[in-house]
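> I have a structure I would like to understand better, so I am pasting it below and will then ask my questions one at a time.
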Amino acid sequence: MVEKTDTASRLAYAGQSLKGVWSQLFRQPWPLGVGVMAMAITNLFMFMYARALGVFPQMAMWGSGLYNLLGLKTESPFAPFPVQPLYRDMHSLLNVGIILGALGSALLAREFKLRREDGVGYLLGAVGGILMGIGTVLIPPCNVGGFWVATMALSLSGPLSAVGLLLGAYVGGRILQGHIRKAVLEIDFGRAAVGPPVRRQSESSQPIRGILIFLLVLALALIYYLAGMPKHGGLLLFGLLFGLIVQRSRLCFAAAFREILTTRDGVVMKWVLLSMAVGTLGFTLLKAQGYQPQHMVFPAGWHNIAGGFVFGIGMVLAGGCGLGILVRSGEGYTRSWLAIITGMLTAGAWVHVYGHRVGEGWLYGRPVYLPEVLGWGGALVFVYGFLLLFYLFILWVEGGKHERA
Amino acid sequence: MAEYVLDALGEACPVPLIRTEKKMKELKVGDILIVQVDHSCAMKNVPEWARKQGYNVELEEVEEGRWDIIIEKTK
């Protein structure tokens with residue numbers, strides 16, 4: 001008798017705990033720190049598996065592919081990403097995974113909604129996408145790949161692009177603030193709420209659909225595995241994980257840069273810097289053993305800063321960087337859909353406009369892999385020194401807030 | 001003890017937060033502001049900001065992907 005109640009209470013306890021964990025994982029937003037650390041670790045695992053995170057070059061390939069379909073022959077701007085059908089390109093499948101992961105995760109949390117916007121919203125999305133399309137071929141490649149990953153991968157281009165991204169995000173933020181100032185004047189202050197808001201208690205079908213999305217992606221990955229393309233399936237699943245992490249934690253690399261100078265609040269970037277401090281060690285350990293040493297090492301030069309500046313404005317106007325607009329498009333933001341389309345069409349036309357691919361010709365510097373120039377110790381000192389300097393810079397900017405207040 | 005509504009539907013970060021900050025400045029102590037948002041970042045960063053200011057905050061899930069953030073100006 002005693003045994004039985006003991007089992008029952010243990011089961012009840014386990015059930016209650018699991019419910020709590022489910023709610024924390026799939027209903028409540030994750031703390032930011034959990035999100036960035038999950039990103040850093042997943043990114044390292046994916047590097048061990050195949051490649052590190054980067055989303056824009058494959059989107060540029062989609063753009064070039066679309067031009068080719070329309071009869072305008074052009075090459076994909078990024079050499080490792082030649083034009084090919086989406087389902088045969090493992091990098092594109094990473095992006096598809098990110099979109100579906102965000103969709104599934106938003107559905108699970110009952111947060112999915114098709115968000116339509118007014119004309120200004122769509123204009124911001126379109127212009128933001130175009131600017132990111134230009135920025136991605138200049139930096140290269142994007143915010144997450146060109147700054148976050150490249151810095152951890154010991155590429156000089158990473159810290160250089162940060163300068164441009166920071167300034168660009170500030171300009172983008174000022175443009176938005178100017179737009180808001182006008183909007184604030186139009187607010188009707190007399191419109192009071194009529195009674196308390198009605199909370200919808202009815203059961204939502206979204207969680208079921210979210211689970212179906214995850215099952216669908218798992219089935220797709222299995223099909224790729226059975227078809228003898230396991231890496232394609234694997235990257236699709238990694239994408240799913242990234243989509244889930246970013247959607248749950250609301251991690252936004254665009255906000256990380258934007259908030260520093262516009263609102264003098266560097267909390268997001270501080271977490272991003274900490275994640276980089278962890279990730280750098282992982283990349284260094286792997287690369288020092290001869291594993292893909294040149295991976296995510298990009299041309300270094302003034303174009304990192306200029307490209308970062310253009311990309312920085314674009315990501316703030318569009319409301320998300322390359323990764324951000326993929327995730328938000330999965331959550332149902334139509335502005336992000338537009339930004340993806342204008343971004344890929346702009347970047348996809350680069351070879352047609354410039355005549356060479358990214359990294360070739362007069363515009364780009366040579367790739368600078370820090371351990372080759374400074375040695376392993378010097379490269380680590382350089383990257384950690386950069387992270388520390390960036391951190392101190394944020395503290396200095398934040399400190400100015402109290403002075404003014 | 002007035003109650004105001006700020007319609008920030010369809011607006012992306014950081015617009016809902018900036019508008020909320022501006023509105024809260026104009027409110028008197030004891031007034032309530034209901035911020036309507038449908039941006040999944042705003043449902044996190046607007047309440048976080050308001051709690052940091054020491055205001056009373058409640059988050060209501062109105063429907064899928066749509067929230068009301070109820071902020072009481074306490075000081």
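> Taking the Cα centre of the protein assembly as shown as origin, sum charge times position over the Cβ atoms of Lys and Arg (+1) and Asp and Glu (-1), and report the length of that vector in debye to the nearest 20. Intermediate results must be reported in sequence, preceding the final value.
Numbers: 42 positive and 32 negative charges, 51 e Å.
Computed about the Cα centre, the dipole is about 240 debye.
> Then there is this: For the charge dipole of the range A:354-405, defined by +1 on Lys and Arg C-beta atoms and -1 on Asp and Glu C-beta atoms about the Cα centroid, which residue among A:Val381, A:Val358, A:Leu392 has the Cα displaced farthest towards the positive pole?
Final value for the positive-end residue is A:Val358.
> A follow-up question, please. Rounded, prolate or oblate for chain A? Axes are the square roots of the Cα gyration tensor eigenvalues, ordered a ≥ b ≥ c, and the cut-off for rounded is a/c under 1.5.
Verdict is rounded for chain A.
> Below 8 Å, C-alpha to C-alpha, sequence gap of six or more: please give me the relative contact order for chain A in percent.
This gives 34 percent for chain A.
> Over 28 Å between C-alpha atoms is what I'm after, so list which of A:Lys401/B:Lys73; A:Lys401/B:Lys75; A:Lys73/A:Lys113 land there.
A:Lys73/A:Lys113
> Further, regarding this structure: The range A:91-133: which residues show an accessible-area loss of 20 Å² or more, assembly versus chain alone, 1.4 Å probe?
Buried-area filter returns A:Arg110, A:Glu111, A:Lys113, A:Arg115, A:Glu117.
> Please check chain A for the longest run free of GluC sites (Glu not before Pro) that are loop-located per DSSP (anything but H, G, I, E, B) and have at most 12 other Cβ atoms within 10 Å.
Working: sites that count: A:Glu186, A:Glu203.
Value returned for the longest uninterrupted segment is A:204-405.
> Now, a different point. Expressed in nm to one decimal, what extension gain is obtained for the pair A:Phe45 and A:Ser17 from 0.36 nm per residue of sequence separation less their Cα-Cα distance?
Numbers: separation 28, 0.36 × 28 = 10.08 nm, distance 2.89 nm.
Contour length minus the Cα-Cα distance gives 7.2 nm.
> Same structure, new question: Report, ordered by chain and residue number, the aspartates and glutamates lying within cross-link reach of A:Lys231, taken as a straight Cα distance under 15 Å and ignoring same-chain residues fewer than 8 apart.
Answer for A:Lys231, where 15 Å is the Cα cut-off: A:Asp89, listed by chain and number.
> Interface size between chain A and chain B, please: total buried accessible area, 1.4 Å probe, rounded to the nearest 100 Å². Numbers along the way, then the final one.
Numbers: alone 19560 and 4650 Å², together 21000 Å².
That pair hides around 3200 Å² of surface in total.
> In the full protein assembly as shown, how much of A:Leu131 is accessible to a 1.4 Å probe, in Å² to the nearest 10?
Surface open to solvent at A:Leu131 totals about 40 Å².
> What does the C-alpha gyration tensor say about the overall shape of the range A:306-405? Classify as rounded when a/c is under 1.5, otherwise prolate if a/b is larger than b/c, or oblate. Walk me through the numbers before you get to the answer.
Numbers: a/c = 2.29, a/b = 1.14, b/c = 2.01.
Note, shape of the range A:306-405 comes out oblate.
> For A:Lys287, go through the aspartates and glutamates and keep the ones whose alpha-carbon is under 16 Å away, minus same-chain ones fewer than eight residues off.
A:Glu372
> Zone of B:Met1 (label point 7 Å along Cα→Cβ, backbone N under 20 Å): which residues in the range B:50-75?
Under 20 Å, as judged by backbone N against the label point of B:Met1, lie B:55-58, B:70-75 of the range B:50-75.
> Just to confirm, what accessible area per residue do you get for the range A:241-295 at 1.4 Å probe, in whole Å²?
Details: 1730 Å² over 55 residues.
Per-residue accessible area for the range A:241-295 comes out at 32 Å².
> Please arrange A:Ser155, A:Ser9 by accessible surface area, largest first, computed with a 1.4 Å probe and ligands excluded. Please report the intermediate quantities before stating the final value.
Numbers: A:Ser155 0, A:Ser9 65 Å².
Of A:Ser155, A:Ser9, the descending order of accessible area is A:Ser9, A:Ser155.
> Something else now. Carbon and sulfur: what percent of the protein assembly as shown's accessible surface (1.4 Å probe)?
About 66 percent, which is the carbon plus sulfur part of the accessible surface.
> Can you tell me the dipole magnitude for the range A:355-405 around its Cα centre, using point charges on the Cβ only (Lys, Arg +1; Asp, Glu -1), in Debye to the nearest 20?
Once rounded to the nearest 20, the dipole reads 100 debye.
> Solvent-accessible area per residue for chain B at a 1.4 Å probe radius, Å²?
Result: 40 Å² per residue.
> Report the full-extension gain for the segment A:Leu70 to A:Trp337: residue separation times 0.36 nm, less the Cα-Cα distance, to one decimal in nm.
94.1 nm
> While we're here: Percent relative contact order of the range A:1-91, based on C-alpha pairs within less than 8 angstrom and at least six residues apart?
16 percent
> Using just the helices of chain A, give the 222 nm mean residue ellipticity in deg cm²/dmol: DSSP H runs with n ≥ 4 each add -39,500 (n - 2.57), and the total is spread over all residues, rounded to 500.
-23500 deg cm²/dmol
> Continuing with this model, one more query. I need the calculated FRET efficiency for the pair A:Leu389 and A:Val171, taking r as the beta carbon distance and R₀ as 22 Å, to the nearest 0.05.
With a Förster radius of 22 Å, E is 0.50.
> A further question on this structure: Let's test this: bin the Cα-Cα distances of the range A:231-296 at 10 Å from zero up to the farthest pair and state each bin's percent.
In order of increasing distance, the bins hold 18, 30, 38, 13, 1 percent.
> Then there's this: Taking only C-alpha pairs under 8 Å that are 6+ residues apart, what is the relative contact order of the range A:118-174 in percent?
Dividing the mean separation by the residue count of the range A:118-174 yields 19 percent.
> With all protein chains present and a 1.4 Å probe, how do B:Lys23, B:Lys44, B:Lys52 order by accessible area, largest first?
Output order, biggest surface exposure first: B:Lys52, B:Lys44, B:Lys23.
> Within 10 Å of each Cβ of B:65-73, how many other protein chain Cβ atoms are there on average?
Averaged over the peptide's residues, the number is 3.
> Right, something else. For A:Ile325, tell me the accessible area in Å² from a 1.4 Å probe, rounded to the nearest 10.
Result for A:Ile325: roughly 0 Å² accessible.
> Can you pull a Stokes-Einstein diffusion coefficient for chain B at 20 °C (1.002 mPa s), Rh from Kirkwood over Cα pairs, as a whole number of µm²/s?
Roughly 180 µm²/s, to the nearest whole number.
> What size of dipole, in debye to the nearest 20, comes out for the range A:270-367 about its Cα centre when the only charges are +1 on Lys and Arg C-beta atoms and -1 on Asp and Glu C-beta atoms? Please report the intermediate quantities before stating the final value.
Values: 6 positive and 2 negative charges, 23 e Å.
In debye, rounded to 20, the range A:270-367 gives about 120.
> Under a crude label model (7 Å from the Cα following the beta-carbon direction), how far is A:Gln24 from A:Ala8 in nanometres?
For A:Gln24 paired with A:Ala8, the spin-label model returns 2.8 nm.
> Output ³J(HN,Hα) for the range A:340-352: one whole-Hz value per residue in order, computed from phi by the Karplus curve 6.51 cos²θ - 1.76 cosθ + 1.60 with θ = phi - 60°, and x for Gly and Pro.
In residue order, the calculated couplings are 5, 5, 5, x, 6, 6, 5, 5, x, 8, 4, 5, 5 Hz.
> Tell me which trypsin sites (Lys or Arg not before Pro) from the range A:357-405 have a DSSP coil assignment and no more than 11 other beta carbons within 10 Å of their own.
Of the trypsin sites (Lys or Arg not before Pro), not one in the loops of the range A:357-405 has a Cβ with at most 11 other Cβ atoms within 10 Å.
> So, one more: Going by the alpha-carbon gyration tensor, a ≥ b ≥ c the square roots of its eigenvalues, is the range A:202-353 rounded (a/c under 1.5) or, if a/c is not under 1.5, prolate (a/b greater than b/c) versus oblate? Present the calculation step by step, with values, prior to reporting the outcome.
On the way: a/c = 1.45, a/b = 1.18, b/c = 1.23.
Judged from the Cα gyration tensor, the range A:202-353 comes out rounded (a/c under 1.5).
The values are calculated or read from the model by the stated rules, or taken from the named source; none is laboratory data. Only a predicted model underlies this, so the values are computations on that prediction, with no experimental measurement involved. Backbone-built Cβ (ideal geometry, glycine too); neighbour counts: all protein chains shown. What goes into the accessible areas is simple: the full protein's heavy atoms, side chains included, and nothing from ligands, DNA or RNA. Shrake-Rupley method; radii C 1.70, N 1.55, O 1.52, S 1.80 Å.
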